[in-house]
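Heads up, the thing below is written out as structure tokens.
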Amino acid sequence: MKLLSTLTYTLAAGLLVSTLNSCSPALTSAYRLEPVSGDVAQIDGRPVTKAEQNGVGVVASFEHEDLEFITLDIEIKNRTDHPIDVNPADFHFVALGAEQDTLSDLQHPNTILARSAADPAYEASRMTIKRKEEEKRLKRAKAFNTILMVAAIASDVSSSNNSRSYREYTNNRVVHGLAYQGIAVKRAVDYSTFANRMQRYDYEEYRWRELALKATTVAPGESVRGLVYFPKVQSAKYLAINYSLPEQATVPLLFKQDLVQQKNSRKRR
């Protein structure tokens, strides 16, 4: 009985906090990047930079923030006399501070904070694993919900038989009624979480297969364009990005990064 009461009050408090949060405006940080190197021009209302080395040209602009990544719209042009192999994983960046000084990696204090762009082929291959893990999580949640329901029913029957007064009986009905409602809410939340995550994985798969810049070979005089996804580094004020083709070219790009605070107004229900 005590266990069920604790569960009931915990679920009720969680629902109250969730309701209050849904009615309150929230401040979020939005990433904004702007090129500050190369030949910068305004195209369709946004700054675009281009740089070139040894016949390998890169045109880049900030596209948007996408889940755990920041996204650049990038076109690679081959102005050499031979084919070049393009791979988005060949994009790397070093995180810089306000004075364009290198930042240290918190996990490895003796090394600079550097990251590589996401590899779309690898990320797409992980979607099947993510979906299977989510299905396992839902199965575990369903099993736990069954255990909770069995315990609630057993407690309900036992305490109802032991009720010695109308007040005890009434309190028993209230407590167990809340317990049943709490289990029903948890079940609904479990299924909602499952559906939301599976929907996210569908989007991620589409992103990697349809939107991202793909590994390919570009013939002389040709170009390829797509989105390149860089992991977020909140502490960076600048990102020193390099596109490297071994023994051919290293094209540098410098972007200034800002975090803009914005208010998300949520409707009251």
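Each reported figure results from applying straightforward, stated rules to the coordinates on display, with no laboratory input. What you see is a predicted model; the values in this text were computed from it and never measured. Cβ sites come from the backbone with ideal geometry, for glycine too, and all protein chains shown count toward neighbours.
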The answer for the per residue Cα convex hull volume of the chain, in Å³, is 175 Å³
Treating the angle as unsigned and between 0 and 90°, give the value, to the nearest 10°, between the Cα long axis of helix 127-162 and the longest Cα principal axis of the chain. 10 degrees
Cα-projected label distance for Met149 with Arg173, points at 7 Å along beta-carbon direction, nm: 2.3 nm
Quick one: which residues, 5+ away or cross-chain, put their amide H under 5 Å from the amide H of Glu63? H built at 1.01 Å from N. Thr71, Leu72, Asp73
How big is the C-alpha Rg of segment 125-208 next to the rule-of-thumb value 2.2 N^0.38 Å, as a ratio? 1.61
Go ahead and run the numbers for FRET between Thr111 and Gln181, Cβ-Cβ distance against an R0 of 41 Å, rounding to 0.05. 0.20
Let me spell out the model: positive unit charges on the Cβ of Lys and Arg, negative unit charges on the Cβ of Asp and Glu, origin at the Cα centre of the chain. What dipole size does that give, in debye rounded to 20? 2200 debye
Rounded to the nearest 10 degrees, what's the angle between the helix 166-206 long axis and the longest principal axis of the chain, both from Cα atoms, 0 to 90? 20 degrees
What helix-only [θ] at 222 nm does the chain give? Using -39500 (n - 2.57) per DSSP H run of at least 4, over all residues, to the nearest 500, the answer is -14000 deg cm²/dmol
Tell me which residues come under 5 Å, amide H to amide H, from Ala212 once H is placed; ignore anything under 5 positions away on its chain. Leu227
Give the dimensionless ratio obtained when the Cα radius of gyration of segment 72-199 is divided by 2.2 N^0.38 Å. 2.02
Quick query: amide H of Ser104 versus all other amide H atoms, modeled in the peptide plane; which residues come in under 5 Å with a sequence gap of 5 or more or a different chain? Leu113
